[in-house]
Amino acid sequence: MKLALVDDYVPALVEEESVRRLAGDLPEIMALPPFYRMAGLIEHWGELRARVASSKAPRLSLDEVALRAPVPRPTKLLCGQLSFKEGVAEASVKPAFFLKSSTSVIGPGDTVELPSVDAPVFHHEAELALVIGKRAKNISAATALDHVFGYTCFLDMSARAVGHGTSFQDKSYDTFGPMGPWILTADAAPDPHDLNVRLWVDDELRQDYPMADIGNPIGDMIAYASSIAALEPGDVLALGVNHQGVGPIQDGETVRIEIEPIGGFAVQVRDPLGRRWEKGIDTRLAATVLRMVRGEPLGTVEFSRRIDR
């Protein structure tokens, strides 16, 4: 099942190329603040699932509604940090997360606004994200996936090297967390380790990596997060990225993510300062991350060069 928020944050059931607005089916959810309706639906899914599945609301085409971020204000938005082996089979990767501001979240068709900070570069990171379905605290890796409600696509936009080593400052700017287009419920999803993540900038395919490259089983990552903080229904865990296809984003570009069978969406990029960087994959960043996962000396950390000055 695919669940979305549309228009004024109305829960909706997505069926192929059509959508049913569930306002009439879920009056108790509609009574909640708009940003928290999906979290409410998730928390009470056991009671409401049959009502959603049997909805007779009129079918609308996807073109007739505006898709919103499916979880527009997660109570916790955790992002995996250096989560992937980067194609290095022998790499040893430890689970790690950082908190990203929930006000960074935007939805399909929205605009990423690059802030005026003096960052060496701004990057895209296409990621699989999971949405927690039931409370998880100190759970085992073996049962962790039972706590997942579903999966969605996430773009972890980044301003490099402005936070003096803290990812929160690099990644929490408003609009830096595009999410969507909906949630594919876990019972309808394949093994998340079998998925493939792709991203285009305009017509250029940049990221195309398998979730099988992740450094730890996803259940281990959830269990690790739950050992630190209780995970609640509607919390979002973005699982991190393979950096070998990461590159700059700049004014006027369209960035599109796709993870089948979840789906995909696009956002626009706006930079009031009109800054420009070398286009394409940031091979300098890719090489730096490879050195990190191999345990080699980092040396000088470099990024794609700015070309407008």
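The values are calculated or read from the model by the stated rules, or taken from the named source; none is laboratory data. Just so you know, these numbers come straight off a predicted model, no measurement behind them. Cβ atoms come from the backbone with ideal geometry, glycine included; neighbour counts cover every protein chain shown.
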Just to be sure, is Leu205 assigned to a strand (DSSP E or B), more than 14 Å from the chain's Cα centre (by Cα) and within 25 Å of Arg276 (Cβ to Cβ)? yes
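Here is a yes/no grid of residues against (1) out of contact with any Cys (no Cβ under 9 Å at 6 or more places or on another chain); (2) within 30 Å of Ser116 (Cα to Cα); (3) assigned by TED's automatic domain parsing to the domain that holds Asp282:
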| position | (1), (2), (3) |
| --- | --- |
| Asp174 | yes, yes, yes |
| Pro178 | no, yes, yes |
| Ala188 | yes, no, yes |
| His193 | yes, no, yes |
| Leu199 | yes, yes, yes |
| Arg206 | yes, yes, yes |
| Asp213 | yes, no, yes |
| Asp251 | yes, yes, yes |
Considering the stretch 33-54 alone, what residues qualify as being surrounded by 17 or more Cβ atoms within 10 Å (Cβ to Cβ) and not β-branched (Val, Ile, Thr)? Phe35, Tyr36, Arg37, Met38, Ala39, Gly40, Leu41, Glu43, Trp45, Leu48
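One line per residue, one yes/no per condition, for (1) within 25 Å of Ala136 (Cβ to Cβ); (2) touching a residue at least 60 places away in the same chain (Cβ under 8 Å):
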{"position": "Leu5", "(1), (2)": "yes, yes"}
{"position": "Val14", "(1), (2)": "no, yes"}
{"position": "Ile29", "(1), (2)": "yes, no"}
{"position": "Lys56", "(1), (2)": "no, no"}
Evaluate the stretch 74-84: report whether one residue or more is over 19 Å from the mean Cα position of the chain (by Cα) and not β-branched (Val, Ile, Thr). no
So is Gly280 on the phi > 0 side of the Ramachandran plot, out of contact with any Cys (no Cβ under 6 Å at 6 or more places or on another chain), of a type outside the set (A, V, I, L, M, F, W, C) and surrounded by fewer than 21 Cβ atoms within 10 Å (Cβ to Cβ) or not? yes
Give just the number: which of (1) in contact (Cβ under 8 Å) with a residue 40 or more places away in the chain; (2) crowded, with 16+ Cβ neighbours inside 10 Å does Arg73 not satisfy? (1)
Residue match in the stretch 86-94 (condition: crowded, with 17+ Cβ neighbours inside 10 Å, within 30 Å of Arg291 (Cβ to Cβ) and within 16 Å of the chain's Cα centre (by Cα)): no
How many of the residues making up the stretch 165-203 are of a type in the set (Gly, Ala, Ser) and surrounded by 24 or more Cβ atoms within 10 Å (Cβ to Cβ)? 2
Can you confirm whether the stretch 212-231 contains a residue that is at positive phi and buried (at least 19 other Cβ atoms within 10 Å of the Cβ)? no
I need the full set of residues from the stretch 227-278 which are part of a loop (DSSP other than H, G, I, E, B), under 17 Å from the mean Cα position of the chain (by Cα) and within 18 Å of Cys79 (Cα to Cα), in order please. Pro233, Gly234, Asp235, Leu239, Gly240, Val241, Asn242, Val246
Identify, from the list Ser101, Ser116, the residue that is surrounded by fewer than 16 Cβ atoms within 10 Å (Cβ to Cβ), touching a residue at least 40 places away in the same chain (Cβ under 8 Å), touching a helix residue (DSSP H, G or I) at 6+ places or on another chain (Cβ under 8 Å) and in the same structural domain as Ser226 (by TED's automatic domain parsing). Ser101
Please determine whether any residue of the stretch 193-212 is under 12 Å from Leu130 (Cβ atoms) and in contact with a His (Cβ under 7 Å, 6 or more places away or on another chain). yes
